[in-house]
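Scroll down for the structure; my scribbles are underneath it.
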Amino acid sequence: MAKESQWLPEESFENFSNYKRALFATPERLKNRFLARANVEEELLIKRRSGAAMKRSLTWWDLMWMGVGAVIGAGIFVITGLEAHSTAGPAIIISYSLAGIAAMLTVFCYTEFAVEIPVAGGSFAYLQVELGDFIAFIGAANIVLEYLIGGAAVARGWTSYFATLINKSPQQLRIVTSLQTGYNELDPIAVVALFLTAAVAIWSTKATSIINYIASVANMFIITFIIIAGLAHAKAENYTPFTPFGVRGIFSASSILFFAYLGFDAVSTLAEETRNPGRDIPIGLLGSMTICTVAYVLMALTLCLMVPTPEIDPNAPFSVAFKTVGWTWAQYVVSLGALKGITTVLLVGTVGQARYLTHIARSHLIPPWFGIVNKRTQTPVNATATMVTASAIVAFFTELDILGSLLSLSSLFIFFLVAVGILVRRYYIPGVTTRKHGGLFFFFLFIIIASSLGVAIYWGLSPNGTILYAVFSPIWFLGTLGLAVFVPQVRTPKIWGVPLVPWIPSLSIALNIFLLGTLDKFSYKRFGIWTAAILVYYFLFGLHASYDTAINQKKELAAYKIQDAEEGQNVKTIELAEQDEINRIPASEPVEQLG
């Protein structure tokens, strides 16, 4: 990649005249790109734009512990007490189980995409293939923002738990200034934590995996200690009453606890660096989610058996619980476990967010400079440094409560789109799906989404109502059943696929919409403002870069097709040019030969 082409390589930006013509052609180009779906060959092709390949060094064992490291953080040590005390009571174990099932459904959808499209783009690449350029960009831009803010929030939390571990208050480790409240406590330790994790992530993905593995295993030992020591002080009477807040309390807590499972999507971005995606990704992702769910349920069980739920401290539940039974020293064990958990979340998040940005840059929706992979380290140095620097600036000034209020919606929105993408992938291929079956597919998909929205809206507007659940739930069931019975699948996964399609993706859609319906107005306001801002960017820059890139990409792909056709072969494109990946990357859908 030439140096001069790293920022504005497309024809639309060569001079002002070209750019002016591009702007006048915006409606036509938007029509062209709005639902333009990339194919797997194109997604594999654009890996070459990074200048060097990422090293395939990860196994299912690495991915499993990456998943554990990405998910088990400080949340379990805090959010468990809050929800048990105020929302679910001892029935929080059911809440954690339901949240784990919802997360597992999403993980199933991610695994099929990650195996079939083993690139660094994660959900951005999946959505670009199935739902088109425009929707992929909106989704990806929001999840990048979520990663940026999340990284800053986790880094501020690191300072807080480190202060607890050394018997100081977080304010003693921060610099108080005269800036506006909420931005006046500067946090240099959070900045250092972010840059140290960035240095590890840039140095080596395999080294990141090893450090994460060591820290995650140590954290699991601490969690095991908490469970065993806590159960030694268990009292069965503390589990009465089991559901003090009723069934609604169980579901309300579940919608909050779902966020304790977030982070697994970062693991899917490592598909390009996985030795055998078809085997390693399903085992790694599903294995990590199983470990996390079991750990969460057992910790919640332990807490509620140690202390009556009205007496659980919402802010430091485990520390106070051990103090209540006379083990004051155990608060340091809890703080150490939380600190290790935060560190691994920070580390895996840094890796994941950089790979999202890398693949977006490969598509030229942002300047390709961000997509360059360093030839020596074989990691995306530019993307990693950029994302961590942005997170560090936010973490340095902004307090945790403000950051926390900005998090949530984007991840659920992406999970919803990925589940929709699986159904589109299985049932609808333009030119292959008949007009009749295409119409039926979109009709049943509309029924599934509309009935799910009905449940979510009714939940929010009628706290004590139940009757409409008996209406919307059967409609959802009939919509899914109709899809299963009347619309044939037109694509079968070659190596690994979501089982029980369309039921699992449909249930994932319903649960993600339900959880979206539980979020506060401020989350939607932030989502709307950020989406409006990125739309301005898309219409002024991203759309035109994407349009030019798509034209050049088709020419480049055609050259591979012609070369393969001359040899009398079916087109498998880029895999044939990368001999070390032939047995690792699944062949994508057949592409017609040029004759």
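The values are calculated or read from the model by the stated rules, or taken from the named source; none is laboratory data. Predicted model only: the values in this text are computed from it and were never measured. Here the Cβ is made from the backbone with ideal geometry for all residues, glycine too, and neighbour counts use every protein chain on show. With ligands, DNA and RNA removed, areas are computed over all heavy atoms of the protein, side chains included. Shrake-Rupley method; radii C 1.70, N 1.55, O 1.52, S 1.80 Å.
Summary of values
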quantity	calculated
Calculated FRET efficiency for the pair I393/L453, C-beta based, R₀ 41 Å, to 0.05	0.65
Stretch in the chain that is longest and holds no GluC sites (Glu not before Pro) that DSSP places in a loop and that have at most 13 other beta carbons within 10 Å	15-566
Computed FRET value (nearest 0.05) for R279 with V192, which takes r as the C-beta separation and R₀ as 30 Å	0.20
With every protein chain in place, the chain: carbon and sulfur % of accessible area (1.4 Å)	67 percent
Mean accessible surface per residue for segment 204-320, computed with a 1.4 Å probe while every protein chain stays in place, in Å²	36 Å²
Inter-centroid distance (Cα atoms) of segment 404-472 relative to segment 161-199, Å	41 Å
H437 - accessible surface, heavy atoms, 1.4 Å probe, Å² rounded to 10	50 Å²
Extension gain from F34 to R435, taking 0.36 nm per residue of separation minus the Cα-Cα distance	142.3 nm
Value of [θ]222 nm, deg cm²/dmol, for the chain, DSSP H segments ≥ 4, -39500 (n - 2.57) each, nearest 500	-21500 deg cm²/dmol
Alpha carbon centroid spacing (whole Å) that separates segment 268-347 from segment 481-554	30 Å
Relative contact order of segment 456-538, pairs being alpha-carbon contacts under 8 Å that are 6 or more residues apart, as %	43 percent
Where a label projected 7 Å from the Cα of W503 along Cα→Cβ would reach, residues of segment 459-489 with amide N under 18 Å	473-489
P(r), alpha carbons of the chain - 10 Å bins starting at zero, rounded %	3, 16, 27, 27, 17, 7, 2, 0, 0
Computed FRET value (nearest 0.05) for T466 with F221, which takes r as the C-beta separation and R₀ as 41 Å	0.40
The chain - percent relative contact order, Cα under 8 Å, separation 6 or more	27 percent
Gain upon complete extension [E237, A199; 0.36 nm per residue less C-alpha separation]	8.7 nm
Two-decimal log10 I(q)/I(0) for segment 255-310, as the Debye equation yields it once each C-alpha is a single scatterer, q = 0.22, 0.28 Å⁻¹	-0.89, -1.12
